[in-house]
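Structure, as structure tokens:
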Amino acid sequence: MGVGPHDKLKLEASFMPTLTIDGRQIDSPDGSTVIQAAERLGIFIPRYCYHPGLSIAGNCRICLVEVEKAPKLQIACNTPVTEGMVVHTKSDKAEDGRRAVLEFLLANHPLDCPVCDQSGECELQNFYMNFGLYDPRFREQKVKKKKAVEIGPHVMLDQERCILCSRCVRFADEISKTGEFGIFNRGDRAELGLYPGQVLDNPYSGNVIDVCPVGALTEQDFRFKARVWYLSSAPSVCNACAQGCNIDIHYVLNRPHLNDGARVLRLKPRYNADVNQWWMCDEGRFGFHWMDKGRLTKVRNQGVDSTWEQAIAAITAALAKLLEDGSGSRLGVIASSQLTNEELFLIREIFQSGLGAQVTTASPTPPGYSDDFLIKADKNPNTLGATLLGLSGPGPTDAASLIDEALEGRIEALWVFGHDLTNIMNEERLQELSRKLRLFVFSGTNENHTASWSHWILPTAAHVEKDGTFVNCHGRVQRIGRAFPPLPDSRPDWSVLLEIARQLNHPLPWRTPQEIFLGLAEAAPFAGLSYEKIGSQGVALGLPPK
Ligand code: SF4
Ligand code: SF4
Ligand code: FES
């Protein structure tokens, strides 16, 4: 697996030719191309085969520009900048060239737009409206090819819609290095397909849907669920492994009929040069259905619906009694590396420093497949954050020891954040634990065995429903963003914790994740940081190498 060959311009290049594009001068690094120089000037040149993360193919010709003194139009994606070059991207000649290219590309393209999932984000539609608008002259029968072919578990191919830009071929050759795609035959019979016997099931297969500029490769999971213009988008970070790929969450709130009431329709990678470039893995991309399915929707006490007010009052009363009767060390807390730094910090302040409880952080999701590109074996997004806060790693006791202590009667109250303890014990022991404990609280997003055997269930917000930060496995602190509000009866863990502190008569001075982070940033390694400084691309904490 690897990154694209020219994903970053080498701005430090010693020779910087000066060229003029549409009357504006720019110094561009030697070896860079006209399309890259134009981009830095904010001039958009249309492209199909060009993708900044892939090698240059130069086969689609849509990026034609006029270069003074050149005998014919040049392709901007494969024309290196030279000293004194004068480029026109909007001259009549350049526009006529692009129109002709579009007319050729659309000659055999089916009239599928009304039934095509790409409609609304299709570069054939967009460029036709922006750069085409010719009068069609093609009267012949269009060439027929295969449609709606399942080429793997996630991707659907429509050969008629393919414009043979070869982006997907290059992705599979250069990035996933799995090489499933080829372009077969010649002329108007040329078609995109898989090599015989191949299935598109590599761990990064979904990225070919993103790189395909048209509706030839579409997503099976998202297929026909919504027209893309109904989607809203919010930036966040994937929580499915410790890499923390930057993502956009595409969701719909006001059209429940579109997706059986589910809000999240798809996840897309968001560019971050230091984390995931343009890519994400299939596990992260398609593993989001838990956000809308199997969610805990009510506060419950011993299986009976209750309210937040009753729950917080009963839990704080039980904690206060525990303190009266002995020491806080009879409270055990199993925090989670799916929680944000802000929430882990509150757990440390309230339970460990405030009450003297035994606190540990465990990983709710067990380790899994990893590779040397993006996918990490640790399937939790904030293990390093928990370690930096002193709640995980060498030192703190582990979850299994806390449970042993509880079964032996030395721990009388247990608060479990999001875990299913049947991952580390059988259900009989879980039942015994439930019987022995004076207080057993489960807070989390989804139903599981531990929730069923707890005394109190507190439904909490998913990471897409709250603000906060994670630290990825490379020591980069990144913000997750609240895309939409939590489900009606659930609350973010940070707000539950602040309320517990208030009712325990130890109110904390913060009201929002942003303020909690400022409290956290009073000490290393977060010192001096704020949400503004972290921004949309995160900040490397500058930790010593492991
Ligand atoms: S399927 Fe899409 S990405 Fe692949 S060659 Fe065709 S148009 Fe390009
Ligand atoms: S590599 Fe990890 S963080 Fe990135 S998309 Fe996959 S699961 Fe999510
Ligand atoms: S984008 Fe330049 S030839 Fe395709």
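Things worth noting here:
- Footprinting exposure proxy ranking of 115, 441, fewest other C-beta atoms within 10 angstrom first, gives 115, 441.
- Averaging 1/r across all pairs of distinct Cα atoms in the stretch 39-198 and inverting the result yields a Kirkwood radius of 17.4 Å.
- When you restrict to C-alpha pairs under 8 Å that are six or more residues apart and normalise by the size of the chain, the relative contact order lands at 10 percent.
- Listed residue pairs exceeding 21 Å between alpha carbons, taken from 146/177; 144/268; 147/225: 146/177; 144/268
- MRE, 222 nm, helices only [DSSP H, n ≥ 4, -39500 (n - 2.57), over the chain, to nearest 500]: -6000 deg cm²/dmol
- Mean-position separation - Cα centroids, the stretch 226-258 and the stretch 464-478, in angstrom: 17
- Acute angle (nearest 10 degrees) that the helix 92-107 long axis makes with the longest principal axis of the chain, alpha-carbon atoms: 70
- Computed from Cα positions, the angle between helix 427-436 and the longest principal axis of the chain comes to roughly 40 degrees.
- Projecting the Cα atoms of 240, 252, 209 onto the charge dipole of the stretch 204-259, computed from C-beta unit charges around the Cα centre, puts 252 farthest toward the positive end.
- Over the stretch 354-451, relative contact order from alpha-carbon pairs under 8 Å, at least 6 apart, %: 24
- Compactness of the stretch 444-546 is given as radius of gyration and Dmax, 15.8, 43 Å, from Cα positions.
- Considering only the chain, percent of DSSP beta bridges that pair antiparallel, nearest 5: 65
- Relative frequency of Cα-Cα separations exceeding 15 Å in the stretch 399-487, percent: 64
- Here the Karplus relation 6.51 cos²θ - 1.76 cosθ + 1.60, evaluated at θ = phi - 60°, turns the backbone of the stretch 180-186 into coupling constants of 6, 8, x, 10, 10, 6, 10 Hz, with x for every Gly and Pro.
- Dividing the convex hull volume of the alpha-carbon atoms in the stretch 144-267 by its residue count gives 125 Å³ per residue.
- Taking amide H atoms as placed 1.01 Å from N in the peptide plane, the amide H of residue 333 lies under 5 Å from those of 358, 359, 360, 415, each 5 or more residues away in sequence or on another chain.
- Lys, Arg +1 and Asp, Glu -1 on Cβ, resulting dipole of the stretch 465-546 about Cα centre, debye, nearest 20: 220
- Cα-based convex hull volume of the chain per residue, rounded to whole Å³: 169
- When the Cα positions of 498, 417, 403 are compared along the charge dipole of the stretch 402-523, 498 comes out farthest toward the positive end, with charges on each C-beta of Lys, Arg, Asp and Glu.
- Using Cβ point charges alone (K and R +1, D and E -1), the dipole size of the chain about the Cα centre works out to roughly 1000 debye.
- Sorting the Cα pairs of the stretch 202-312 by distance into bins of 10 Å, from 0 upward, gives 13, 38, 29, 14, 6, 1 percent per bin.
All of the numbers you see were taken from the coordinates with simple rules; none came from a lab. Since the model is a prediction, treat every value here as computed from it, not as a measurement. In this analysis, Cβ positions are derived from the backbone assuming ideal geometry, glycine residues included, and neighbour counts consider all displayed protein chains.
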